[in-house]
Amino acid sequence: MKVNYTGCAICDSSWGDLWEEVEGTRLFFCCPVCLRQFRELLERLRTSAGWDSVDELEIAGDRRRRTVRARRGTEELRAEFAFYPDGRLRLFEPRAARPA
Ligand SMILES: [Zn+2]
C-alpha cells in the first residue's frame with residue numbers, strides 16, 4: 001500500500017519512532033494515536049467501499065478538516081474525515097467521485 005506522506009503516515013510529522021506493518025507495508029507513525037487513527041480510517045474506507053484491501057492513500061488538509069483519496073485498482077473513494085483526540089474516527093463522509 002502506498003501513502004503520500006513521507007513523515008508519519010497520517011499527519012506527516014517527522015518526529016517519533018514508531019514503525020508498524022499495515023496492509024503488508026511497514027509504515028512510520030509519530031505516535032500510537034496516529035497509528036490508531038490510520039487503522040480506523042483504513043478500516044472505515046474498506047467497509048465503506050467494500051474492498052478487502054487498499055492500494056493507495058492520499059491524505060490532504062489539516063488537523064480540523066482532512067480529506068482522503070483511496071484507490072484500489074481502477075476504483076477510487078474520496079471522503080472527508082476527522083478524529084477524536086484518542087484517535088477514534090469522529091467523522092467520515094464519503095464524497096462522490098468527480099466525473100472524469
Ligand atoms: Zn502522526
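The values are calculated or read from the model by the stated rules, or taken from the named source; none is laboratory data. Just so you know, these numbers come straight off a predicted model, no measurement behind them. Using ideal geometry, Cβ is built from the backbone for each residue, glycine included, and neighbour counts are taken over all protein chains shown.
Of all residues being near the ligand (Cβ under 10 Å from one of its atoms) and among the polar types (S, T, N, Q) in region 1-20, which is nearest to Glu80 (Cα to Cα)? Just the residue, please.
Result: Ser13.
Inspect all residues belonging to region 69-79 and state whether any of them is within 16 Å of the ligand (Cβ to nearest atom) and touching a strand residue (DSSP E or B) at 6+ places or on another chain (Cβ under 7 Å).
Checked against the condition, which is being within 16 Å of the ligand (Cβ to nearest atom) and touching a strand residue (DSSP E or B) at 6+ places or on another chain (Cβ under 7 Å), region 69-79 yields no hits at all.
Can you pull out every residue in region 8-29 that is part of a loop (DSSP other than H, G, I, E, B) and out of contact with any strand residue (DSSP E or B) (no Cβ under 7 Å at 6 or more places or on another chain)?
Cys11, Asp12, Ser13, Ser14, Trp15, Asp17, Glu23, Gly24
Looking for something in contact with a Leu (Cβ under 8 Å, 6 or more places away or on another chain) and surrounded by 14 or more Cβ atoms within 10 Å (Cβ to Cβ) - is there at least one such residue anywhere in region 4-13?
yes
Of the residues Gly73, Gly7, which single one is out of contact with any helix residue (DSSP H, G or I) (no Cβ under 6 Å at 6 or more places or on another chain) and at positive phi?
Step by step, each of Gly73, Gly7 is checked, and only Gly73 is out of contact with any helix residue (DSSP H, G or I) (no Cβ under 6 Å at 6 or more places or on another chain) and at positive phi.
Which residues, taken from region 21-60, are within 12 Å of the ligand (Cβ to nearest atom) and either at pLDDT below 95 or exposed (fewer than 15 other Cβ atoms within 10 Å of the Cβ) (or both)?
Pro32
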